[in-house]
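Report on one structure; see the data block that follows.
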Amino acid sequence: MKILVTGGTGFIGSHTVVELQAKKHDVIIVDNLSNSSADIVDKIALISGIKPELEVFDLTDKDLTSDFFKRHNDISGIIHFAAFKAVGESVQKPLLYYRNNLESLVNILQGMKDNNIKNIVFSSSCTVYGQPDELPVSENAPIKLAESPYGNTKQISEEIIKDTVKATDINAVALRYFNPIGAHKSAIIGELPIGVPNNLVPFITQTAIGIRECLSVFGDTYETPDGTAIRDYIHVVDLAEAHVIAVDRMINNKMKNNYEVFNLGTGNGYSVLEVINSFEKVTGLKLNYKIVDRREGDITQVWANPDYSNNELGWKAKKGIDEMTLSAWKWEQALANNK
Ligand code: UFG
């Protein structure tokens, strides 16, 4: 089956391409390389033995997107990752985020409709739940007012998809990710933050390797056992596997409804200090960190109820926090060795 992966040279996208190839899918990537590079397809080939096809263009370009779908109307399913994802930047540049994340989605859905392409898996986020009233959070929890334009693009995208599914033959699955971290066990692909990382684990590994001087832990006065904020960290390879299952479920007509939503988390929450402890334990290193003020917009705690995904998709996150932090570290070391 031919699967289009938008944003397939990015962090989650590249890991998903590898898992799709392992399941014998034929992959075509569309990426504008705004936050990645073209040589990722060679790295994917080093792992899988197959170099995926790559077309470089911007999905916000209506004409180029329309032309692409005309040329590739034999696509069985789309996994749509391509989007901007920095929460802080989205607050500074909301129009950039709305234009990029929403126009590309509309162009893709239009291309699907015009060329009778039926199936799309959408990259959503647990950010749609805000600070949930009940934990663990399940898929039917209320959607809260978005904390950032980035989060809002995920909410609006889900609405756009839902409305389109109602009015067309298109089927869609929205996957709400918790906190993806880690890297492929080969250490050939992983997360490549440009500039100073916003996210916790890349900041930890960059500090440990000497690129950053000190990790700032954003707040230790949250109402949690150790005072630091809690998240549900999930290994990117576990996450990638769920995408393959989701797209196969659509292709094989196994959906319960034409629009489905699944949480992708482990069901376990770890505090910032627990993540640091895991990192120190598996690497034997001492991490330089200090407690600073809370970061604006951060919630206290969130972790998934993954029961529905586990039961319906027959999928379960298998890798624990130590495997996540160790794989992230091996990736950081591989990056340093390849410089
Ligand atoms: N943190 C630090 N220091 C850092 C970076 C992060 O203490 O240098 C803390 C944060 O305050 C938070 C935790 O580590 O408590 C995780 O932070 P991340 O930035 O790694 O992840 P977030 O939970 O803030 O963000 C993730 C995704 C977003 C998504 C958001 C929704 O990266 O795409 O969840 O909550 F929008």
Just to confirm my numbers, what's the Cα centroid distance between region 271-289 and region 122-191 in Å? 28 Å
Quote the relative contact order of region 202-339 in percent (integer), defining contacts as alpha-carbon pairs under 8 Å separated by 6+ residues. 38 percent
Given the pairs Lys43/Lys144; Lys23/Lys113; Lys24/Lys316; Lys62/Lys330, which span a C-alpha to C-alpha distance of over 32 angstrom in this model? Lys43/Lys144; Lys62/Lys330
Roughly how compact is region 198-331, stated as its Cα Rg over 2.2 N^0.38 Å to two decimals? 1.21
Normalised by the number of residues in region 74-209, what is the relative contact order in percent for Cα pairs under 8 Å and 6+ residues apart? 27 percent
Residue-normalised 222 nm signal for the chain, counting each DSSP H run of n ≥ 4 as -39,500 (n - 2.57), nearest 500 deg cm²/dmol, is -12000 deg cm²/dmol
Footprinting exposure proxy for Lys154, Lys85, Lys319 (fewest neighbouring C-beta atoms within 10 Å first): Lys319, Lys85, Lys154
Taking N as the residue count of the chain, its alpha carbon Rg divided by 2.2 N^0.38 Å gives 0.95
Once you have the Cα-Cα distance between Glu53 and Lys93, take 0.36 nm times their residue separation minus that, and quote the gain in nm to one decimal. 11.2 nm
With springs only between Cα atoms under 10 Å apart, run a GNM on the chain and tell me which of Leu20, Leu95, Leu273 wobbles the most. Leu95
Assuming 0.36 nm per residue, please report the length gained on full extension of the stretch Asp114 to Asn258 beyond their Cα-Cα distance. 50.0 nm
Among Pro197, Asn119, Pro225, pick out the residue whose Cα is farthest towards the positive end of the charge dipole of region 106-230, where Lys and Arg carry +1 and Asp and Glu carry -1 on C-beta, about the Cα centre. Asn119
Just add up the charged neighbours of Asn198: K/R +1, D/E -1, any other residue whose Cβ is under 10 Å from the Cβ of Asn198. +1
Gaussian network model of the chain, Cα springs within a sub-10 Å range: biggest mean-square fluctuation belongs to which of Ile44, Ile78, Ile291? Ile291
Going 7 Å from the Cα of Asp226 in the Cα-to-Cβ direction, what parts of region 281-306 have a backbone nitrogen less than 16 Å from that spot? 281-292, 301-302
Order these by the 10 Å Cβ neighbour count, fewest first: Thr228, Thr164, Thr325. Thr164, Thr228, Thr325
For the chain, with the dipole built from +1 on Lys and Arg beta-carbon atoms and -1 on Asp and Glu ones, taken about the Cα centre, which of Asn100, Gly314, Gln131 lies farthest toward the positive end? Gly314
Sum up the charges of everything whose Cβ sits under 13 Å from the Cβ of Ile160, counting Lys and Arg as +1 and Asp and Glu as -1, but leave Ile160 out. 0
Radius of gyration and Dmax over the Cα atoms of region 127-166, both given in Å: 10.9, 31
Plugging the Kirkwood radius over Cα pairs into Stokes-Einstein for region 1-123, at a temperature of 37 °C and a viscosity of 0.692 mPa s, what D comes out in µm²/s? 225 µm²/s
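Read the figures in this text as sums done on the coordinates, not as results from a lab. Computed from a prediction, not measured in an experiment: that's the story for all the values here. Cβ atoms come from the backbone with ideal geometry, glycine included; neighbour counts cover every protein chain shown.
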